[in-house]
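The values are calculated or read from the model by the stated rules, or taken from the named source; none is laboratory data. Everything numeric here is computed off the predicted structure, so don't read it as measured data. Neighbour counts are summed over all protein chains in view; Cβ atoms, including those assigned to glycine, are modelled from backbone coordinates with ideal geometry. Accessible surface areas use protein heavy atoms only, side chains included; no ligands, DNA or RNA. Shrake-Rupley method; radii C 1.70, N 1.55, O 1.52, S 1.80 Å.
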Amino acid sequence: MNRELTFAKAIHEATFQLMERYSEVYVMGEGVDDYKGVWGTTLGLIKKFGAERVIDIPLSENAMTGIALGSSLLGFKPIFVHQRIDFMLMCMDAIFNQGAKWNYMTGFNQNMNIVIRAVVGRGWGQSVQHAQSFYPIFAHFPGVKIVAPFTPQEAKGLLISAVNEKEPVIIIEAKNLYESTGEVSDEFKGIYLGKANVIKNGNDITIAGLSSSLKDILEAMPDIENKGISAEIINILSIKPLDIETIIESVKKTKNLIVVDITWEHFNVTTEISSIVSEKLFGILQRPPLRIALPDSYVGMSEELEKRYYLNKAELIAKIMEWHK
């Protein structure tokens, strides 16, 4: 049965169902046991499953990531919650020098799985150390999977699937999606990691986005289509592995590509997708791909400065129309 749930409640439901089904699943992170429950995503889990499976951790990210990775070798399935992706820099060694390489170094005979929930992006004026979205750094490394859900159903399904993967999975969660709503099945059912979704068909341009950028894209669509442009919209969903085939098939039809990301404009998902599409479809494209992302600077510490830093609907429409004329 489908119900209307928020993005946050969908993550909570997935976590609850996973912990009920698998005794080896546990949740760890700063504040996972407190009264706010990481924007409601871990709320009340400690009452149901106890402090041995819902673990508040000290400010020692690298050490705690090492403990989580070690526990996975013993058969546990850790879900590590980072309320801010900013502090994942502290555990890069554990994730990418150990976790990402373990399968390879053991001849693919020993799995090391950890699910990392990494919270990114705009909030309420949290400034430079609490609002970054530098997940493209992670995509550089082999041996990890990275996904970025947009809908509540995707948030639930990807978390369920991630727990049973054979390597580390990083789930990118945008703060400004937690209160968004959508239909979510009450079934315990995962979503394949590695497939993009066409969420709207069109003929004139392909617009590929991920996470909260899709919210901005969809809000801009009525204005874009009122100007006579038919857009096909793709939810990238999986950053690594990247489903470039779905994007290429769309661009073959539309002959135009726009890619929108929620991080800095250089060395990001827009760059990778635009480069691959240009290489493969150079003779088909009617104009160079348009990349839309954030300025190469830091966001200021106030709600007003934050509003000015992030892309808004009017700016998105203006960029698209200037490019398409």
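From ARG291, ARG308, which residue is at pLDDT 90 or above and of a type in the set (Lys, Arg)?
That would be ARG291, the only listed residue that is at pLDDT 90 or above and of a type in the set (Lys, Arg).
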Item to check | Matching option when the condition is of a type in the set (Asp, Glu) and at pLDDT below 95, among ASP216, ASP243 | outcome: ASP216
Next on the checklist: in contact with a helix residue (DSSP H, G or I) (Cβ under 6 Å, 6 or more places away or on another chain), within 30 Å of ARG84 (Cβ to Cβ) and crowded, with 18+ Cβ neighbours inside 10 Å: is that true of VAL147 in this structure?
Outcome noted: yes
Checklist entry - Is it true that ARG117 is crowded, with 20+ Cβ neighbours inside 10 Å, under 23 Å from the mean Cα position of the chain (by Cα), part of a loop (DSSP other than H, G, I, E, B) and touching a residue at least 60 places away in the same chain (Cβ under 8 Å)? => result no
Checklist entry - Which ones in the stretch 250-292 are out of contact with any strand residue (DSSP E or B) (no Cβ under 8 Å at 6 or more places or on another chain) and within 15 Å of ILE233 (Cα to Cα)? => result LYS252, LYS255
Checklist outcome for this item: For the stretch 32-72 the number of residues that are in a helix (DSSP H, G or I), of a type in the set (D, E, K, R) and open to solvent by less than 60 Å² (accessible area, probe 1.4 Å) is 1
Next on the checklist: Checking MET92 against (1) part of a loop (DSSP other than H, G, I, E, B); (2) over 24 Å from ASN176 (Cβ atoms): exactly one of these is not met. Which one?
Outcome noted: (1)
Next on the checklist: I need a count of the residues in the stretch 168-224 that are farther than 30 Å from GLN286 by Cα, assigned to a loop (DSSP other than H, G, I, E, B) and open to solvent by less than 10 Å² (accessible area, probe 1.4 Å).
Outcome noted: 3
